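Following: one structure in structure tokens, then a few remarks.
None of the figures in this text is laboratory data; all of them are computed from the coordinates on show. Computed from a predicted model, the values in this text were never measured in an experiment. Note: ideal-geometry Cβ built from the backbone for every residue, glycine included; neighbour counts use all protein chains shown.
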Amino acid sequence: MTHEPYETQAAVYVLGALDGEERSQFEEHLAGGCVECAEAVREHAETLADVARDAPPMIPPAHVKTDLMRRVSATGSARATRRRSWLRWAAVSAAAVVGVSAFAAGFVASRYEARIGAMARETARVRAELHRQEAELRDRLAVAQGVNDLLSDPAARVVALRGSGPGDEAWGRLVWDDAKGGYLVVANVPAAPAGKVYELWTISGGQPRPAGLFTVDASGRATHPVAPTRSPVDVFAVTLEPAGGVPAPTGPIVLASAK
Amino acid sequence: MAWAAEDLIRQMAEGDADACGRFYDRYARLVYPLILRIVQDSADAADVLQEVFWEAWQAAARYDPARGSPEAWIVMRARTRAIDRVRAVRRRGETFVAPLDEAMAADRGDPAQRAADRVVVADVLERLPEHQREVIELAYYGGLTQTEIAERLKQPLGTVKTRMRTGLVRLREIMKPAT
């Protein structure tokens, strides 16, 4: 039988168009170690890679890499740990085989494999948790540094905000510089109801401007960075608004500074 | 210094997540337009792109440089996954070759649209004789098998196969002097 049909099949195969029995026959032929066909498949695949390279590149959406790396780093550390552990195990087992029987070594291996797997997963989980905590601490540190810088700035002022209702325990402090912006810290503020969010306003000359949205944690606290305004601020106020915020205040005032 | 792509795949096989990031940075822009051309939907294409690199990460240890370059490896994976997606969509009930027919109908329509499409799809395949370009496009981008193509074009199966092979060999000759 001539080799010719295989040469043609190699091209059809690389284009993903070989079907039916022909496909399984060709795959068997390849697996049988045919050098010419392996080379033909390789060359056609390189040609198609060249065709792809010939097209103008396109930048994919950024979230693809973010999502991919999240999945990858969850398995990567586990895989690396498993490999190192295996090396160590190999040394131990080599010694064990000398003293004990091969059967015993196999038994030990199967037990340790499961334990090493569990340890690797645990390591990966702890690592992810550490990364999360580290990111949170960095955020907090940045806020603390910002507040600290403002406090050592003679132009900065500290503005007190109070709850509007009688007997209202809510309070806030704003470290503020008209040119640099500042930070709002609030406490004793009840969690916003579902579908609502707190919105800060800077009021200059009777004109309120939105200064960002925030939510409070379980203990009723929040820290919220505030961008600088173009004109000096007379009053700061916090209102309860629909989620997503609004361009002008509509909801009840929760906190306000004295004029 | 830039790592050789083979080294990046080896590091991926050893569980180096950074190497996976660098591998993605190097090849995502190459395979994304290919995937998009096949699946014709940017959300689907983004999904497939992530799947391709996720599988490359998992399969890195099985990469054999003797069987092809890293480019060919990732391009082949991208094409296969993209076609899988298209076939899954077709199985869900859409007409068998609707995306292809739509693309071809659009191709014959508004000249401005046609020019715009050309910018995206213009490639070296345009330099093949029409009958060779057609079978390669239907198979490689359209996901049709040789039998389906033969039925569609009302040509003998043998003719379709020969056109595919001649087309690929010709493409290689076209690309060679340029690279």
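Mind ordering B:160-169, A:16-25, B:52-61 by average Cβ neighbours within 10 Å, highest first?
So the order, starting with the most tightly packed, is B:160-169, B:52-61, A:16-25.
Would you tell me the mean number of C-beta atoms belonging to other protein chains that fall within 10 Å of each C-beta in B:57-67, as a whole number?
Mean partner shielding for this stretch: 2.
Residues with beta-carbon under 14 Å from that of residue A:152, excluding residue A:152: net charge, scoring Lys, Arg +1 and Asp, Glu -1? List each step's numbers first, then the result.
Working: positive: A:157, A:180; negative: A:149, A:153, A:177.
Result for the local shell: -1.
Would you work out the charge dipole size for region A:157-257 about its Cα centre, treating the Cβ of every Lys and Arg as +1 and the Cβ of every Asp and Glu as -1, and quote it to the nearest 20 debye?
Dipole size: approximately 160 debye.
Going toward the positive end of the dipole of region A:157-257, with +1 on Lys and Arg Cβ and -1 on Asp and Glu Cβ, which of A:183, A:200, A:222 do you reach last?
The Cα lying farthest towards the positive end belongs to A:183.
Hey, can you rank B:126-137, A:240-251 by average C-beta count inside 10 Å, highest first? Don't skip to the answer; put the middle values down first.
Working: B:126-137: 17.2, A:240-251: 13.4.
So the peptides B:126-137, A:240-251, ranked by packing, come out B:126-137, A:240-251.
Which of the lysines could be linked to residue A:180 by a straight reach, that is with a Cα gap under 22 Å, when you skip same-chain ones fewer than 8 residues away?
Within the straight-line cut-off, residue A:180 pairs with A:259.
Expressed as a whole number of Å, what is the distance separating the alpha-carbon centroids of region A:111-161 and region A:58-74?
Distance between centres, Cα-based: 22 Å.
Is there a simple number for the mean count of other chain Cβ atoms within 10 Å of the Cβ of residues in A:16-25, and what is it?
Values: counts 10, 17, 6, 5, 3, 0, 5, 2, 0, 0.
Per residue, the average neighbour count from other chains is 5.
If you take each beta carbon of peptide B:80-88 and count the beta carbons of other chains within 10 angstrom, what is the mean?
What the average comes to for B:80-88 is 0.
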